[in-house]
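Just so it is clear, none of the values below were taken in a lab; they were calculated from the coordinates. Just so we're clear, the structure is a prediction, and the values are computed from it rather than from any experiment. Glycine gets a Cβ as well: all are built from the backbone with ideal geometry, and neighbour counts include every protein chain shown.
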Amino acid sequence: MHNVDIELVEMTLDVMKYAIHRITNESPELGSPRKEEELKKQVGETITPSGIGGENAFHLFRDVLVKATVPIDHPRHLAFVPAAPTRAAIMFDLVTSASSIHGAYWMEGAGGIFCENEAMRWLVELTGMPENAFGVFTSGGSAANLSAMVTAREYWRKTKENQNKKGCLITSVGAHSSIKAMAKVIDADVLLVETDDLMNAEALQGKIDSLDKGTMERVFAVVATGGTTNAGIVDDLNGIAKICKELKLWFHVDAAYGGGALAADSVRHLFNGIEKADSITIDPHKWLFSPYDCGAIIYKDPELAKTAHSQEGSYLDIIKDPGAHGFNPADYQIQLTRRLRGLPLWFSLATHGTDKYKWAVERGIELANLAGELISSRPELELIRPPSLSCVLFRRKGWSANEYNNWTYTNHREGIALVTPSKWKTKEGFETVARFCFINPDTTGEDIKVILDTMK
Ligand SMILES: Cc1ncc(COP(=O)(O)O)c(C=O)c1O
């Protein structure tokens, strides 16, 4: 298995040829899922005692299986939060794998961790957090949010009277589902602030005022959102920061999706107050053009994260020895063994420079505004609210939820686009609406028109 022979050379050439073709392909086929039984029928048994051979396995993947996936970087993939890793970042993902580096500790990963930290410094600078703030790359926003919650909870539990209490955090109804999911992991309760739009200081204060003393004593953190996934709404970060400071609550900002917009001068003011956060989640695999999986968690005081996460073990003692000194990413988030997942971002940033990142993020915002104008000019369509960051919510007048679903499936089946409906709260309940989220700077005005034409 570990031999270097002619088969390996052939497989390497095949793989490189595929990678070059895929990376340079500007309009990858919009694949669609198929039933597991169908795929099994087509590829047969792939895991056998003697193996089916690299060439065979590779061809099955290239000719059948990858076609049952949706390329996230397709210019007309505007559903969920798509992605558009730069070609430089993808190439360096291959290099990261080929280099086999353990990214948990400086002792083994120094050169690679150095690169990650260079990229992290840029991210921290975008937030405007104080000088000692720093962070690490995680597998994504969920892991980043969890790492922040663990740090906040452990900090709160330092006080004797909190040691046996069940923690509780406050967030808004617009927060991402991972906040509730990760709170479950640490067995914390979640209290929701009802908002129609952004969570502001008044709404948060109202929620706090409604709590009884016992519940309030269990609240250890407030989670604001820096760009809701559904609508791109940024909470009133300054107002929320002020309340957190007064009440000594941990202030976390989940900017997993919206954090990329910190690079965009046109919307940077929406994030004022983010610099006061105790921790911030930003996903480079969303709006900073990194391949999956790459999230990031940044702490105002990284020492608190270290206290919460640093693992002990006799076989790990050498890592703490002065001779191995350096930054140990494993100390600041939930994972021990880790891939150097910030390396592709570093390489792409180093290659292109931060100005190109600014431009590419601004392009997503520009596309959202253009979509807004096109929607407003069509009588059958109507904006739900003005575009925010790179999200656009709009209505096809007269459509039922079923018609939105059919629109999704038809566009997908015909290889036109992946666009999905969402929900928007109205006085009557939840309305099904259409949603675009722009990330890929290669998406064009023509792409938007093609999709809108399918709603006539
Ligand atoms: C605001 C927000 N937070 C957290 C997440 C979860 O991130 P991940 O899917 O990388 O775990 C998402 C994902 O869309 C998000 O939009």
Can you sort ILE6, ILE170 by how many other beta carbons sit within 10 Å, fewest first? ILE6, ILE170
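With a 10 Å Cβ neighbour count serving as the proxy for reagent exposure, in which order, fewest first, do ILE297, ILE318 appear? Walk me through the numbers on the way to the answer.
Details: ILE297 27, ILE318 11.
Listing ILE297, ILE318 from fewest to most nearby Cβ atoms yields ILE318, ILE297.
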Assuming R0 = 25 Å, what is the FRET efficiency of THR24 and LYS449, from their Cβ-Cβ distance, to the nearest 0.05? 0.45
Using the Karplus curve 6.51 cos²θ - 1.76 cosθ + 1.60 with θ = phi - 60°, what ³J(HN,Hα) values do you get for each residue of region 212-221, in whole Hz, with x for Gly and Pro? 6, 4, x, 5, 4, 5, 8, 6, 10, 7
Please name whichever of GLY140, SER314, GLY128 sits farthest to the positive end of the charge dipole of region 102-351, dipole taken about the Cα centre and charges placed at Cβ: Lys and Arg +1, Asp and Glu -1. SER314
To the nearest 0.05, how large is the calculated FRET efficiency for ASP209 and ASN272 if R₀ is 25 Å and r is the Cβ-Cβ distance? 0.50
Any chance you could check the Cα centroid distance between region 271-332 and region 103-130 for me, in angstrom? 9
Suppose the chain between GLU38 and SER376 were pulled fully straight at 0.36 nm per residue; how much longer would it get relative to their current alpha carbon spacing? 117.4 nm
What nm value, rounded to one decimal, do you get for the distance between LYS425 and VAL15 when each label is placed 7 Å out toward the C-beta? 4.8
Going by Cα centres, region 253-269 and region 196-210 are how many Å apart? 22
Cross-link reach list, lysines versus LYS356, counting only Cα pairs under 17 Å and skipping chain neighbours closer than eight places: LYS286
Give LYS276/LYS300; LYS213/LYS276; LYS207/LYS242; LYS184/LYS276; LYS180/LYS427 a once-over and call out the pairs whose C-alpha atoms are over 19 Å from each other. LYS213/LYS276; LYS184/LYS276; LYS180/LYS427
Taking neighbour counts of Cβ atoms within 10 Å as a proxy for exposure, in what order, fewest first, do GLU108, GLU37 appear? GLU37, GLU108
